[in-house]
Each structure stands twice: as structure tokens, then as C-alpha cells.
Amino acid sequence: RDECRKMTASYHSRRDLISKLLADIPGVSVRPPDGTFYIFPDVSAHLGKTAGNHRVETVEDLCMWLLEEHDVATVPGGAFGDPDCLRMSFACSEEDIEKGIGRMKEALGLLS
């Protein structure tokens, strides 16, 4: 029972951390999830933008660009009911969340 409380507190902490970090990225809006360890940030403000020779037209384009160029793994939210969002897991360490969201923020800052 104690272990369950510790794990629940850990997930709440990671949820709060990823929510705050994502909310600090210009052009990203996020609502904290109610139950799972997935979060769905809305990235539609970044669609139709470019970084160098790379054009981001769709959420799928953005997912591939984040993975291939910036080592950030995300999944398009369309398969889960929200085509303007990414699906991201926070079932990892707080350090990994900070690193990944930091890379994502840097990447999105390159788009114009």
C-alpha cells in the first residue's frame, strides 16, 4: 500500500512537471491529463512553419522531425482523437522529461 502511494505521488509529480514545461513553450497549449501517464499538448500553432529546408505541414510531420532531428519521441494525437496534438508519455524519470521537453522547446523555437 505504501508503494502504491509512492508511485502515485511520483506520477503526479511527473505529470505536474511535464505540464509546466510544455505550458512554457510558446505556441503549445496543454491541459493536464486526468488519469493516464500520457499528455496531449496542442501544437497546431506550429503547423505550416519551416526550419531550414524542413516544412512542418502536419502533426505527423512534426513527430518525424522531432524524432529524426531532435531525438524527441512523440506520437500523432489523431489516432487518439485529437489531430492537433502530440501524444507524449511521462512514464520516465523527471530528468528524462526535462531533457526531452528542453529539446522539444529548442526545436520548436527554430520553426518560423
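No value in this document is a laboratory result; all are computed from the given coordinates. Predicted model, so just to flag it, every value in this text is computed and none were measured. Note that each Cβ is placed from the backbone with ideal geometry, even for glycine, and that neighbours are counted across all protein chains shown.
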For this session: Determine the principal axes of the Cα atoms in segment 2-110, then give the extent along each, sorted from largest to smallest and rounded to whole angstroms.
Result: 52, 27, 21
Problem set entry | Selection from C63, A79, V43 lying farthest towards where the dipole of segment 30-86 points positive, charges on Cβ | V43
Seminar exercise, completed: Contour minus Cα-Cα span, Y11 to E60, at 0.36 nm per residue, comes to 14.9 nm
Exercise. Points 7 angstrom from Cα along the Cβ direction at R103 and R31: gap in nanometres?
Worked result: 2.9 nm
Problem set entry | For segment 35-94 versus segment 1-32, the gap between their alpha-carbon centres in whole angstrom | 18 Å
Problem set entry | Helical mean residue ellipticity (222 nm; -39500 (n - 2.57) per DSSP H run of 4+; nearest 500) of the chain | -15500 deg cm²/dmol
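Charges only on Cβ, +1 for Lys and Arg, -1 for Asp and Glu: so what's the dipole of segment 2-110 about the Cα centre, in debye to the nearest 20? Kindly include the intermediate steps, with their values, before the conclusion.
On the way: 12 positive and 19 negative charges, 43 e Å.
Charge dipole, segment 2-110, about its Cα centre: 200 debye, nearest 20.
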